[in-house]
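Q: To start, I am sharing the structure in question, which I have written as structure tokens.
The values are calculated or read from the model by the stated rules, or taken from the named source; none is laboratory data. Values in this document were obtained by computation on a predicted structure and should not be read as measured data. Backbone-built Cβ (ideal geometry, glycine too); neighbour counts: all protein chains shown.
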Amino acid sequence: MAANAMALAEEVGAATYAPLELRYAAEQLDQALQLQESGDTAQARRRLEQSLVNSDLAVAKSRLGRTREAVQVQAAANAQLRGDGAAPVDTP
């Protein structure tokens, strides 16, 4: 499940919009696999859950980043149609 969540995060652009969260998710998944191999299933489960949370956060941040970009593009197009010619104000 954590691997699927990471794959989704990569698919939606987490490498661009949430690289730190994506890296944490990958590290935690690797740690979980090592812990499972050593027999510490309880700790492995916690690391898997942490990996899943970071993957979900990466997906959310990526979708937000893509949405913000789309809004900026549309705002620029709207300004051009109005004849403003001014670039839209960046919003955080």
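Q: For Leu64, indicate whether it is within 17 Å of Leu22 (Cα to Cα), surrounded by fewer than 14 Cβ atoms within 10 Å (Cβ to Cβ) and modelled with pLDDT of 95 or more.
A: On the way: within 17 Å of Leu22 (Cα to Cα): yes; surrounded by fewer than 14 Cβ atoms within 10 Å (Cβ to Cβ): yes; modelled with pLDDT of 95 or more: yes.
Yes, satisfied.
Q: In segment 11-26, is there at least one residue being in contact (Cβ under 8 Å) with a residue 24 or more places away in the chain, at positive phi and not hydrophobic (A, V, I, L, M, F, W, C)?
A: Keep residues of segment 11-26 that are in contact (Cβ under 8 Å) with a residue 24 or more places away in the chain, which gives 12-14, 16-18, 21-22, 24-26.
Adding the requirement that they be at positive phi leaves 13.
From what is left, the residues that are not hydrophobic (A, V, I, L, M, F, W, C) are 13.
Yes, segment 11-26 has at least one match.
Q: Let me ask something else about it. Which of the residues belonging to segment 25-43 are of a type in the set (Gly, Ala, Ser) and surrounded by fewer than 18 Cβ atoms within 10 Å (Cβ to Cβ)?
A: Applying the first criterion (of a type in the set (Gly, Ala, Ser)) to segment 25-43 yields 25-26, 32, 38-39, 42.
The answer is Ser38, Gly39, Ala42.
Q: When you scan segment 71-92, do you find a residue that is modelled with pLDDT under 95, assigned to a loop (DSSP other than H, G, I, E, B) and either within 30 Å of Ala26 (Cβ to Cβ) or in contact with a Pro (Cβ under 6 Å, 6 or more places away or on another chain) (or both), even just one?
A: Yes, segment 71-92 has at least one match.
Q: Considering every residue within segment 44-51, establish whether at least one is assigned to a helix (DSSP H, G or I), under 11 Å from the mean Cα position of the chain (by Cα) and of a type outside the set (A, V, I, L, M).
A: So in segment 44-51, the residues assigned to a helix (DSSP H, G or I) come out as 44-51.
Subset that is under 11 Å from the mean Cα position of the chain (by Cα): none.
No, segment 44-51 contains no residue that is assigned to a helix (DSSP H, G or I), under 11 Å from the mean Cα position of the chain (by Cα) and of a type outside the set (A, V, I, L, M).
Q: Could you grab me the full set of residues in segment 1-43 that are under 12 Å from the mean Cα position of the chain (by Cα) and of a type in the set (D, E, K, R)?
A: Glu10, Glu11, Glu21, Arg23
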